[in-house]
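Reading through the structure tokens given below for one structure.
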Amino acid sequence: METPARVALVSSPQGDAEWNALGDEAGSLLSRYLRINTTNPPGNEIVAARWLAAVLRRDGIESQIFEPAPGKANLYARLRGNGSARPLILLNHMDVVLASPEYWQVDPFSGLTQGGYVWGRGALDMKGEAIAQLMTMLILKRAGVPLKRDVIFLATSDEEIGAGVGAGWFTEHHADLLGNAEFLITEGGTTRANDRGGIDYFGVGTTEKSPFWLDMTARGTPGHGSRPTPDNPVHRLIRALGRIADWRTPLVVTPGVDRYFRDLATLETDSTRRRWFSDMRTALRDSAAARAITGDLTYNALLRNTVSITGLKGSDKTNVIPPLATAVLDVRLLPGQDPTAFLADLQQVVADTAVTFRPQGPSWPATESPTDTELFRAIEAAGHARHPNALVTTPMLAGFTDSHYFRRLGIASYGLGPFPLTVAESRGVHGNDERVSLEALRFGVRFVYDVVQRVAAK
């Protein structure tokens, strides 16, 4: 695919005109990137990797493409510093989730720019952020910024399926290329815009819940559909799922979530909510307060282990009672929770020995990065340079990213949401009509560059 006209720089961009031009270049690049369909499965990330390599090469940045499986790819590029500080990684993933065109206003792989937005699957998760990271690499190279640490651009496969041959494969097979990195920036943060044109808070992702996905199977007596059996496995499965759907897992206030709510209390204008958020543990002892707080889907997910029933299967034929029926459960566990103990509780809730559970794959304990670091302070400074009164806080991510692979290597990893988004705009992630505004994209390009140059420039 062709690449847009590039902005010429002889020094780091200074004025708004230069930054607007760089934002426009980012918009053109994102539009082209979104046209590459990397829905996973199958992903076909090799096409995206080759395009990214071409964009980098045009500015004199060479990259390596690793193809661990046919059609799968991980791209690695590096800007060299003087080695006086350890490397910084800019991590992004090339694959996206399924988009159903019939529910979109536009073709989800058109990369259409319309109404002040760039539309397409991946605009927010996370091709848009990848372009902001890419622009940082290009600006550093064009401006010849002297670096004290290497800056690594790493685009991976298979993040959306939680396994495969992406970031986990790279850290296992090519950890040497990371060069004892100190810091990493990736997805998982939130920059919350308000309806007054400002920003309420910069949310930096320092920890996240861990997935514990389960296959659930109910067994019984098969037969002809015209002769109902008392232990029909589909009936058994439905009864068990009803109990799970009604189950309210215990409320738990982790230290990080407690800190997040105390931060939110400073923004609250409602005196009752301000009191709740200031002391969440006390608030949740009151049943009315607990119902109100957990009525918010985001808050509910931060305060308990969650179970979502996401798949069902019985017989392939209407007139056949199958020997088994299955369901799929998306379980997310809070930091510090034991998967084995959770599974024992789940089996007690179901209370049926003919219903069994099997983990789909490996689970991992939640990981957390400290806030007393040079990079975290750089994020705070970059945010306050643009919005002095905005809060910088650390909300826990209810989903998960590939950060855990790198935290286990001792790399302090942070989720950064470079684009100011309203609550409504953020619903585009994995949803219909995913898009990012050109204004937010311009902000994000400048924000990511500002963070990186603060921590990487000499």
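Things to note:
- In this entry, ASN300 is excluded by the filter for residues that are within 30 Å of PRO233 (Cα to Cα), of a type in the set (S, T, N, Q) and modelled with pLDDT of 95 or more.
- Identity of the residue in region 359-403, open to solvent by 20 Å² or more (accessible area, probe 1.4 Å) and of a type in the set (Phe, Trp, Tyr), that ends up nearest to the chain's Cα centre (by Cα): PHE400
- The single condition from (1) surrounded by 24 or more Cβ atoms within 10 Å (Cβ to Cβ); (2) of a type in the set (D, E, K, R); (3) without any contact (Cβ under 8 Å) to a residue 60 or more places away in the chain that ARG427 fails is (1).
- Residue in region 5-20 that is closer than 18 Å to LYS127 by Cβ and either open to solvent by less than 10 Å² (accessible area, probe 1.4 Å) or in contact with a Leu (Cβ under 7 Å, 6 or more places away or on another chain) (or both) present: no
- Members of region 299-322 found to be open to solvent by less than 60 Å² (accessible area, probe 1.4 Å) and charged (D, E, K, R), listed by number: ARG304
- Count of residues meeting criterion [closer than 20 Å to ASP176 by Cα and either touching a Lys or Arg at 6+ places or on another chain (Cβ under 6 Å) or among the basic types (Lys, Arg) (or both)] in region 62-81: 3
- Residue within region 207-227 that is touching a helix residue (DSSP H, G or I) at 6+ places or on another chain (Cβ under 6 Å) and closer than 28 Å to GLY256 by Cα present: yes
- Close pairs from region 46-71: first free of Cβ contacts under 8 Å to residues at least 40 places away in the same chain and closer than 25 Å to ALA8 by Cα, partner open to solvent by 40 Å² or more (accessible area, probe 1.4 Å) and part of a strand (DSSP E or B), Cβ under 8 Å, at least 6 apart: ARG50/ILE65; ALA53/ILE65
- Listed by first and then second residue, the pairs with beta-carbon distance under 6 Å, at least 6 apart or on different chains, first residue in region 27-42 and open to solvent by 20 Å² or more (accessible area, probe 1.4 Å), second assigned to a loop (DSSP other than H, G, I, E, B) and at pLDDT below 95, are SER28/PRO4; ARG32/MET1.
- Residue that is buried (at least 16 other Cβ atoms within 10 Å of the Cβ), of a type in the set (A, V, I, L, M, F, W, C), under 18 Å from the mean Cα position of the chain (by Cα) and not in a loop (DSSP other than H, G, I, E, B), where the choices are LEU154, LEU177, LEU140: LEU154
- Selection within region 253-285: residues that are among the acidic types (Asp, Glu) and farther than 18 Å from VAL392 by Cα. The member of this set that is surrounded by the most Cβ atoms within 10 Å (Cβ to Cβ) is ASP279.
- Hey, ALA163 open to solvent by 30 Å² or more (accessible area, probe 1.4 Å), assigned to a loop (DSSP other than H, G, I, E, B) and in contact (Cβ under 8 Å) with a residue 24 or more places away in the chain or not: yes
- Condition broken by SER315, with the remaining ones in (1) part of a helix (DSSP H, G or I); (2) hydroxyl-bearing (Ser, Thr, Tyr); (3) touching a residue at least 24 places away in the same chain (Cβ under 8 Å) satisfied: (1)
Conditions (1) open to solvent by 10 Å² or more (accessible area, probe 1.4 Å); (2) touching a strand residue (DSSP E or B) at 6+ places or on another chain (Cβ under 6 Å); (3) at negative phi, marked per residue:
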site: ARG57; (1), (2), (3): yes, no, yes
site: GLY60; (1), (2), (3): yes, no, no
site: SER63; (1), (2), (3): yes, yes, yes
site: LYS72; (1), (2), (3): yes, no, yes
site: ARG78; (1), (2), (3): yes, yes, yes
site: GLY83; (1), (2), (3): yes, no, no
site: LEU88; (1), (2), (3): no, yes, yes
site: HIS93; (1), (2), (3): no, yes, yes
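- Residue, least open to solvent (accessible area, probe 1.4 Å), within region 404-424, restricted to residues that are hydroxyl-bearing (Ser, Thr, Tyr) and out of contact with any Gly (no Cβ under 7 Å at 6 or more places or on another chain): SER413
- So PHE170, is it farther than 30 Å from PHE109 by Cα and of a type in the set (Phe, Trp, Tyr): no
The values are calculated or read from the model by the stated rules, or taken from the named source; none is laboratory data. Remember, it's a predicted structure, so these values are computed and weren't measured experimentally. So basically every Cβ, Gly included, is an ideal-geometry build from the backbone, and we count neighbours across all protein chains shown. Side chains are part of the model used for accessible areas, which takes the heavy atoms of the whole protein and leaves out ligands, DNA and RNA. Shrake-Rupley method; radii C 1.70, N 1.55, O 1.52, S 1.80 Å.
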